[in-house]
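Beneath this line is the structure, given in structure tokens, with notes to follow.
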Amino acid sequence: MFTLLQIELHKIYSRPRTYIAFAAITAIVLIFQFAFKYDGQSYMDLMLQNIQDNFEIDKSKAINGYFMCYIILNTLLIQVPILVALVAADTISGEANMGTLRLMLTKPVSRTQLLLVKFLASFIFTVCLLIWMAIIALFLSILIFGQEDMLVFRVKGEESFILQITKDDIMWRYFAAFGYAAIALTVIVSLGMLLSVFAENSIGPIVATVCIVLFFTIVSNMNIPVIDRNVKPYLFTSYLVGWKGFFYIGLDCSDQPIKGSIENWPAIKKSIYILLSHIGFFLTMAIISFRKKDILS
Amino acid sequence: MNTVLQINQISKSFKDFKAVDNLSFKVNQGDIFGFLGQNGAGKSTTIRMLLSLIQPDSGSIEIFGMNLNTHRNEIVRKVGAVIEKPDLYKYLSAYDNLKLFAKMSGIKVSKSLLMDQLELVGLATRYDSKVGTFSQGMKQRLGIAVALVHNPELIVLDEPTNGLDPQGIADIRNLILTLSRDRNKTILVSSHLLSEIELIANRMLIMHHGKKVVEGDVKVLLDPSKTILKIETGDNSKAFELISKSNWTKGLENIQNQIQLEITKSDIPDLVRFLTAHQTDIYLIQNLHSLEDYFLKLTNPKEDVHAVTN
């Protein structure tokens, strides 16, 4: 199994297209950092225009490494599923398209083993992508903008407000958020693999995965009560942004942040279970379908 | 002689299209077994079934005396295959491709082993070149190296000369003969060219529309003094029993309601007299006097066959 995993990783990292995702993330992050370095104050003014009347903020410290990473993650974690789909949805169909799938399946490796190894390799790719994001979006931002307390802008119902997290209470939240993002993106990996099993070329499952993610994300962001109640709970995309929960700090009865707390841990836990069950379902369906598949490519 | 591969009445349909219909044959140890048929005859489907890429609808496949369904991994460890054009990873070098598939075969991989294989197929000097830069013939040879790297006992080559120039075809042919003669490999090689099979195989089978048409020793099938005879009678069971008690039992088979046997041409009138003497009506007697003629006849189904009735 370890040898097979090594082989799969070797294949993934030998392909130039794998690095498109890393290059895209790097470019977006650098643009953000450049823009905020030279004109971050305008962004802060815009964000604070409704709030600063009743909240005193030192704007020079508001734009710091932690804040930058939060802003970047808010943007990137919508695009990253597409980058993950590029690799995951290609795993089986890409091999079928190249004609290498039939050769692999003439080797003493079971189809279940092969699929699990490909899943694991795609998962590792996803984790590497997140680690790279952490390096440039968090650590590089800290180097450029420094470390200060972090402000989190939050909209809850009709209300907009700001949460302040002290700088010694932030890093663990980022580790947890990246961990959550890894689980969320693994749902995309397993969905991409499932669709990949049915296709003989990469384009179909990649486009299908991206379309499903985009369509579900749009529906997940609709604020219509009937959809909120009856549709959103069943869409995995509703849980992809659950990482933000780690930055919603718990408040005491006088609305003061409680260090080391999370406002709604049970909701995060429930989201994690739902995401894991999606991974289990997609992966099981992929294995069942792949085992029965006639290799005609 | 040990049977390496035994296929028992396998069939496979794709929706309404029957790709392989009740096919049975066997390959013995040391054979170069030619698997002949036009494009679309069902050769590749059969080969994919015996490599467990496709599941047959019915029938069974035994390789090295083991059932393919229940002992797949044990079997494929001893089988090497090139299926149609060998597609490899274009972005990897020849050496890396070979190493990757050797590791998948579960063998201990060393540089000398891999270089030996590349030497065998004449690619040692290009070991570091990306496969994307290779010609079709070079890819084909690398595909064969991949098939051989784990030292398999049975080698399955599906149309290995497709798309090759005459020199490439000759190289592959020589390689097959070398593998059989020097390394005692059992080889199943499919082709749509009788001339190709004739040059390398000792036994052969012809398929047409998913069915077996004829199977036997190449020398016998192509011997001008001998022939394969197909007979259809009013009562094939009775005729089969009668012939099986006669002197004409070589290659005797009852294939899809037609009796088939190997016979010397001069014995054909005696056989006809023998059957009619036992009150057997003969509706059709087909003399496959030239296998090449017969094979060409398959490509032109309007051609008549001789019929004799009493």
Review point. Hey, among the residues in region B:32-43 that are under 13 Å from the mean Cα position of the chain (by Cα), modelled with pLDDT under 90 and of a type outside the set (A, V, I, L, M, F, W, C), which one's farthest from B:Asn73 (Cα to Cα)?
Key: B:Gln38
Exercise for review: Being away from every other protein chain (no Cβ under 13 Å) and open to solvent by less than 10 Å² (accessible area, probe 1.4 Å) narrows it down to one of B:Leu92, B:Leu123, so name that one.
Suggested key: B:Leu123
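To keep it simple, each residue is scored yes or no on (1) modelled with pLDDT under 85; (2) within 14 Å of chain B (Cβ to nearest Cβ).
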residue	(1), (2)
A:Leu5	no, yes
A:Pro16	yes, yes
A:Tyr19	no, yes
A:Ile25	no, no
A:Ala35	no, no
A:Asp45	yes, no
A:Glu56	yes, no
Exercise for review: Give the residue that is farthest from the chain's Cα centre (by Cα), with candidates limited to residues of region A:285-297 that are open to solvent by less than 70 Å² (accessible area, probe 1.4 Å) and away from chain B (no Cβ under 14 Å).
Suggested key: A:Ile287
Check your understanding: Of all the residues that make up region A:1-48, how many are aromatic (Phe, Trp, Tyr) and open to solvent by 50 Å² or more (accessible area, probe 1.4 Å)?
Key -> 6
**Study point:** Criterion: modelled with pLDDT of 75 or more, on the phi < 0 side of the Ramachandran plot and within 14 Å of chain B (Cβ to nearest Cβ) - qualifying residue of A:Ile63, A:Ile12, A:Ile82
**Key:** A:Ile12
Check your understanding: Which residue pairs have Cβ atoms closer than 9 Å, lie 6 or more positions apart in sequence or on different chains, and pair a first residue in region B:52-77 that is away from chain A (no Cβ under 13 Å) and under 22 Å from A:Leu114 (Cβ atoms) with a second residue that is open to solvent by 40 Å² or more (accessible area, probe 1.4 Å) and assigned to a loop (DSSP other than H, G, I, E, B)?
Key -> B:Ile61/B:Asn69
Revision key, fill the gap. Of those in region B:27-51 that are within 14 Å of chain A (Cβ to nearest Cβ), open to solvent by less than 50 Å² (accessible area, probe 1.4 Å) and in a loop (DSSP other than H, G, I, E, B), the residue nearest to A:Leu105 (Cα to Cα) is B:Leu51
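Within region B:149-196, which residues are of a type in the set (Val, Ile, Thr), outside any loop (DSSP other than H, G, I, E, B) and touching a helix residue (DSSP H, G or I) at 6+ places or on another chain (Cβ under 7 Å)?
Once the filter is applied, which keeps residues that are of a type in the set (Val, Ile, Thr), outside any loop (DSSP other than H, G, I, E, B) and touching a helix residue (DSSP H, G or I) at 6+ places or on another chain (Cβ under 7 Å), region B:149-196 yields B:Ile155, B:Val156, B:Ile172, B:Ile176, B:Ile187, B:Val189.
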Check your understanding: Of the residues that make up region B:273-280, is at least one more than 22 Å from B:Asp223 (Cα to Cα) and of a type in the set (Val, Ile, Thr)?
Key -> yes
Check your understanding: Taking into account only those residues within region A:146-194 that are β-branched (Val, Ile, Thr) and over 22 Å from the mean Cα position of the chain (by Cα), which is nearest to A:Ile268 (Cα to Cα)?
Key -> A:Ile165
Check your understanding: Which of the residues belonging to region A:252-276 are outside any loop (DSSP other than H, G, I, E, B), without any contact (Cβ under 8 Å) to a residue 40 or more places away in the chain and open to solvent by 70 Å² or more (accessible area, probe 1.4 Å)?
Key -> A:Trp265, A:Pro266, A:Lys269, A:Lys270, A:Tyr273
Practice item. Identify the residue in region A:85-111 that is among the hydrophobic types (A, V, I, L, M, F, W, C), more than 7 Å from chain B (Cβ to nearest Cβ) and assigned to a loop (DSSP other than H, G, I, E, B) and, among all such residues, is farthest from the chain's Cα centre (by Cα). Key: A:Ile92
Point to revise | Exclusive hit being modelled with pLDDT under 85, farther than 30 Å from B:Thr46 by Cβ and not in a loop (DSSP other than H, G, I, E, B), set A:Ile227, A:Ile218 | key: A:Ile227
Revision key, fill the gap. Scanning region B:240-267 for residues that are in a strand (DSSP E or B) and under 16 Å from B:Gln286 (Cβ atoms) gives B:Glu253, B:Asn254, B:Ile255, B:Gln258, B:Ile259, B:Gln260, B:Leu261, B:Glu262, B:Ile263
Study note, to complete from the structure: Matching residues in region B:1-23 (farther than 17 Å from B:Val156 by Cα and either modelled with pLDDT of 90 or more or assigned to a strand (DSSP E or B) (or both)) number 14
**Study point:** Subset of region A:20-45 [of a type outside the set (Gly, Ala, Ser) and either under 17 Å from the mean Cα position of the chain (by Cα) or at positive phi (or both)]
**Key:** A:Ile20, A:Phe22, A:Ile25, A:Thr26, A:Ile28, A:Val29
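The values are calculated or read from the model by the stated rules, or taken from the named source; none is laboratory data. Note that this is a predicted model, so its numbers are computed, not measured. Methodologically, a virtual Cβ is constructed for each residue, glycine included, from the backbone with ideal geometry; neighbour enumeration extends over all protein chains shown. Side chains are part of the model used for accessible areas, which takes the heavy atoms of the whole protein and leaves out ligands, DNA and RNA. Shrake-Rupley method; radii C 1.70, N 1.55, O 1.52, S 1.80 Å.
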